[in-house]
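Heads up, the thing below is written out as structure tokens.
The values are calculated or read from the model by the stated rules, or taken from the named source; none is laboratory data. Since the structure is predicted, the reported quantities are computational estimates derived from the model, not experimental observations. Here the Cβ positions follow ideal geometry from the backbone for every residue, glycine too, while neighbour counts run over all protein chains shown.
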Amino acid sequence: MTDARILRTRAALHKAITDLATQKPVGEITVSELAETAGINRVTFYKHYTTPAEALADALYSELSEVCRGGSPAPEIDAFTHCIYTALDHLEERRDLYTIAFSDQVDGTIPIMLSRFLTEVAETYLTKRRKRKPAVPDVDLDVAAAFLANGATGAIRIWILEGDMSRERFFENLPLLLPAWFQAEAAAN
């Protein structure tokens, strides 16, 4: 079981880094500034993370994991699409932070984190799909998952940066972009 002090420190760091990253790119946030905002010292910060970017990626990854675990997908929606759909709530709530992160031409922490997260979701989904009919084609699941996740990350980037695309419009486009075999299970039900 994790010590309550560690949990409190992590929660303070997550709140501080997400607050700061809503104001400026993570590459401009110093460890001293983050530690001060979190109400801890630099030594304590370094017991948890090596950089503010690492803290931000961990905070957002945790938030995404939480929202994607919530609820089960409707029968006509696969788990990967369901996760993207629920993640859009998180992205919308933190639109200012993601706008800064996706606009940053120097630091790729957030796009990399989002791609890693969606790759794991896609790998889990495709592994389960391989055991059901219709089966996933004989493709390397790691490659397929990364392809789907990076495509979704790119689409999310446009959704965030354009700022005027609705969730509904996003999901009108998504089935047109996914491979037919990916959606075959929903069509078979």
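For region 116-162, a residue qualifies if it is under 22 Å from PRO25 (Cα atoms) and surrounded by fewer than 20 Cβ atoms within 10 Å (Cβ to Cβ), and the qualifying residues are ARG116, ASN150, GLY154, ALA155, ARG157, ILE158, LEU161, GLU162. Among the candidates THR124, THR119, THR22, the residue that is under 20 Å from PRO175 (Cα atoms), within 17 Å of the chain's Cα centre (by Cα) and modelled with pLDDT of 95 or more is uniquely THR119. Taking ARG94 as the residue in question, decide whether it is surrounded by 12 or more Cβ atoms within 10 Å (Cβ to Cβ) and among the basic types (Lys, Arg). The answer is yes for ARG94. Per the listing VAL106, VAL139, VAL143, the residue uniquely touching a residue at least 60 places away in the same chain (Cβ under 8 Å) and hydrophobic (A, V, I, L, M, F, W, C) is VAL106.
When region 78-101 is filtered for residues that are in a helix (DSSP H, G or I), within 24 Å of LEU176 (Cα to Cα) and either charged (D, E, K, R) or more than 11 Å from the chain's Cα centre (by Cα) (or both), the ones remaining, listed by number, are ALA79, PHE80, THR81, HIS82, TYR85, ASP89, GLU92. Which pairs turn up if I take residues in region 41-66 that are at negative phi and look for partners that are of a type in the set (S, T, N, Q) and surrounded by fewer than 15 Cβ atoms within 10 Å (Cβ to Cβ) with beta carbon separation below 8 Å, at least 6 apart in sequence or on another chain? Once the first residue is at negative phi and sits in region 41-66, its partners that are of a type in the set (S, T, N, Q) and surrounded by fewer than 15 Cβ atoms within 10 Å (Cβ to Cβ) give ARG42/SER32; PRO52/THR30.
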